[in-house]
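One structure below.
No lab work stands behind these numbers, since they all come straight from the coordinates. All figures in this text were calculated on a predicted structure; none of them were measured in a lab. Virtual Cβ from ideal backbone geometry, glycine too; neighbours counted across all protein chains shown.
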Amino acid sequence: MLTQLQRLSVEVDGRYATPEELDFLRSYLETFKYRVSAYQKIKKNESVIIDQIQDKLLQQNPEIFIQGSVDFTSKWRLDTIRVLRYSALALLIDDPDYLRERLLVWFATILQAFKVQNLTQLTYQGMSDVIESYLTPEENDLFLPLIKLDLAILCKKRFS
C-alpha cells in the first residue's frame, strides 16, 4: 500500500488520478477488516504459533536446531518471530514490497551464510500449516501468499 501510494504520487503529479489508478485503494478498503482482524490474531497468538511451529519441527527431527555442538533454538525463535512480525505488518499495509525490501532480501543472505535452507524451508512450510488454523479463509487468502513469499525468498538457492 505504501509503495503503491508513493508510486501513485509520482505518476499523478500535477493531475488527478484515474479510476484505474485508484483500484488498489478500492481493493485495500474492501479487505481492510480482514487485514486488521488477521493482524490482531497473529499478534495475540504469536508465542503459541511459534511454539507450535517449533514442536512440529522437533517432531520431524529432534536435533533440527543443533549444528555441531551449538543449539540454535533461541536464535531460530527470534528470527522466526521477526519474519512473522514483518509479514503481519506487510499484510496490514498490503505491501509485500515492504516485506521483501526491508527484511527478506537481507535476511536470505544471512540464512545462506549459515547454510540453514532446509530448516528455513521446514519453518515456513510449518508456519503456513499453523497459521491457517488461526485465521478465517478470507484472512488466509491475504496472509498465506506472504508466507509463500517468505519461503520463496528465504530458501532461494544462489549459484556462483
Can you give me the P(r) profile for the chain? Cα pairs, bins 10 angstrom wide beginning at 0, each as a whole percent.
10, 36, 31, 16, 6, 2, 0
Given the stretch 31-77, what whole percent of its Cα pairs are spread farther than 17 Å?
48
Could you list the trypsin sites (Lys or Arg not before Pro) in the stretch 1-52 that lie in coil according to DSSP, counting only those with at most 13 other Cβ atoms within 10 Å of their Cβ?
15
Burial ordering of 37, 74, fewest other beta-carbon atoms within 10 Å first
74, 37
For a quick check of your reading of the filter: which trypsin sites (Lys or Arg not before Pro) in the stretch 51-99 sit in a DSSP loop and have no more than 10 other Cβ atoms within 10 Å?
none
Dimensions of the stretch 64-133 along principal axes (Cα, Å, largest first)?
41, 29, 17
